[in-house]
Every structure is written in structure tokens, then in C-alpha cells.
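Read through the structure below, which is laid out as C-alpha cells, and then see the notes.
Throughout, read-outs are computed from the coordinates displayed, never taken from laboratory work. Small disclaimer: the values here were computed from a predicted structure and weren't measured. Quick reminder, even Gly has a Cβ in these numbers, built from the backbone with ideal geometry, and neighbours come from all protein chains shown.
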Amino acid sequence: LTTRTPLIAGNWKMNLDHLQAIALVQKLSWALKDARHDYGDTEVAVFPPFTDLRSVQTLLAADKLALVLGAQDLSPHESGAYTGDVSGQMLAKLDVTYALVGHSERRHGHSESDELVGAKTLAAHRAGLVPMICVGETAEDLAEHGAAAIPLAQLAAAIAQLPQGATFVVAYEPVWAIGSGQAATPEQAEDVARAIREALRDLRDDETAAATRILYGGSVTSQNVAAFLKQPNVDGALVGGASLKTDEFSRIVQFRK
Ligand code: PEP
């Protein structure tokens, strides 16, 4: 039997300078230390901007805080003449565990192609990071192709170059639900999560399909998180806006309460 540890991930996007980041992580860790028995084995990850990673890493190491670090993006390259880019190797040195790849704000705001997302997924793996592959359909895609077609195509492209046996996380984030306050229903999330797991059986193997964590993202709040996590194929949540508020995020982490 494969157990998929629940994962709650907070994507801060382009918010909080390094002092604000320190303050938020300190408050969050105090809140979560008190609540440890209420969220059990749930893994909690924060994805600060690059400029905050070093400060947050130092804080986590000094206090032995039970939070893990993620990066919001990475370069497909290891090093060299890529002005403004940050490599997976640099992130791994800062004890970063996860790297988001293919977030809709990168696909749409920076015209990132499926090929580039695939290259970044491979780069994350090669650097020893776990890629958190974001997939999701726009409102137009939904009307035209239904919910699952685009996420499945994006996933296939993202893992095409990834070696067999590599670990990754999939975050299903309907683009129309991100930052809109209009979350998918738990049933909609489950339908696509189940389709993703079934596709992983073909794209990889039964073991990978059973072990891979699939998150839902898109206007998750403390009010709706439990209903998503109750779905058999939803193993966690990728949280944007609500991850910037300590009380709200710590309530989301304690979704079982
Ligand atoms: C996100 O940034 O991945 C996200 C889901 O944002 P929000 O929770 O604000 O919709």
C-alpha cells in the first residue's frame, strides 16, 4: 500500500521582501509548533521569491522548523551566460526541496512552452530538486476540450524527458480558478486528479501512478481545503493568496481539524 503524505504548499508569488518573509515564517512556525498534533504528518512547504530564499533557509536551519522550501521557478540550464536566471544547483545549495515548473503565470505571463517546462522539469530533477509540475486548463480550454485534455497534454510534455523512477509532484490548477476566488468544486478537482493518475499509469507505471502526489490549486481557503483533501486522488493543495496570511495558512495546514 502506498501512502501519499499530504502536502500543503504556499506560493507567495512576487510578494514579501526578505524581512517580511522572516516575519511570516516566524509567525507561521509558532502557530504550527502549537498545532503539531493537529496536522500530524502533513508536509508544509513555502515558495518564497528567490530574494527571500537565503533568509528563510537560515531561519529554518537555525530553528529546526518543520517547513520545507520551494522555489517558484528555475532555469533549464546549470550555469553560464543566462542573465537574470537562477539554476537548480543554486537552489539545491539553499536546501530547496521543490521547484514549481509550468505555473500558469509563467506559461501565460512569460510565454513558457511545454518544451521549456519539460526542460525545467528535467533540470530540477538533475539538480536533486523535486519538480512540482503545474498543469491546468483556461476557461476557453474548458469550454472547448473539457477539463482534463489540456492538463494531461501538459503533463505528458513536462515528464517526457524525465528518467523513469524520478519523483515529481503534479499540481492541477485550473487557470480560471487561480486568484479568481472561484475555486473548482471538489468533484471537478477529483475528476482531473483521477484522470492524471490514470494517465501516469500509461506514461510511467502503476507504482509511479500510485505514489505520485497530486495537488489541487486555485482559490484554496481554510473554508474549502478539507473538501478537496477528502477526495481520494487529491493529496494536497497549492495555495497562492491565502498563503500570505499566517492565520489563514495555518488553518489550511490543519485541514483535518
Ligand atoms: C497559485 O498561485 O498557484 C494559486 C493557486 O493561487 P490562488 O490560491 O491565489 O488562487
Roughly how many debye, to the nearest 20, is the charge dipole of segment 7-253 about its Cα centre, given +1 on each Lys and Arg Cβ, -1 on each Asp and Glu Cβ, and no other charges?
720 debye
Percent relative contact order for segment 7-253, counting Cα pairs under 8 Å at least six residues apart, stands at 20 percent
Dividing the convex hull volume of the alpha carbon atoms of the chain by its residue count, what do you get in Å³ per residue?
120 Å³
What number comes out for the charge environment of SER55, summing +1 per Lys or Arg and -1 per Asp or Glu over other residues with Cβ under 13 Å away?
-3
Please compute the Kirkwood hydrodynamic radius over segment 28-102, one decimal place, Å, based on all pairs of different Cα atoms.
13.5 Å
With the chain treated as a Gaussian network of Cα nodes joined by springs under 10 Å, which of ALA189, ALA153, ALA119 yields the largest mean-square fluctuation?
ALA153
What percentages, rounded to whole numbers, describe P(r) for segment 1-129 computed over all alpha carbon pairs with 5 Å bin width beginning at zero?
2, 10, 19, 21, 19, 14, 9, 4, 1, 0
Residue by residue through segment 110-120, what is 3J(HN,Hα) from phi via Karplus (6.51 cos²θ - 1.76 cosθ + 1.60, θ = phi - 60°)? Round to whole Hz and write x for glycine and proline.
10, 6, 6, 7, 4, 5, 5, 4, x, 5, 5
From the Cα centre of segment 1-59 to that of segment 72-128, the distance in Å is 20 Å
Amide hydrogen neighbours beyond the local backbone of ALA171, cut-off 5 Å, H modeled:
ILE133, CYS134, VAL135, LEU215
Residues whose modelled amide H sits under 5 Å from the amide H of VAL239, counting only those 5 or more places away in sequence or on another chain, are ALA9, GLY10, ASN11
Table column - 3J(HN,Hα) (Hz), segment 144-159, Karplus curve with 6.51, -1.76, 1.60, x for Gly and Pro
8, 10, x, 6, 8, 4, 5, x, 5, 5, 5, 5, 4, 5, 5, 9
For segment 193-203, 3J(HN,Hα) per residue [Karplus equation, 6.51 cos²θ - 1.76 cosθ + 1.60, θ = phi - 60°, Hz, x = Gly/Pro]:
4, 5, 5, 5, 5, 5, 5, 5, 4, 6, 5
Zero-based 5 Å bins, Cα pair distances in segment 160-257, whole percents:
3, 14, 24, 22, 17, 11, 8, 3, 0
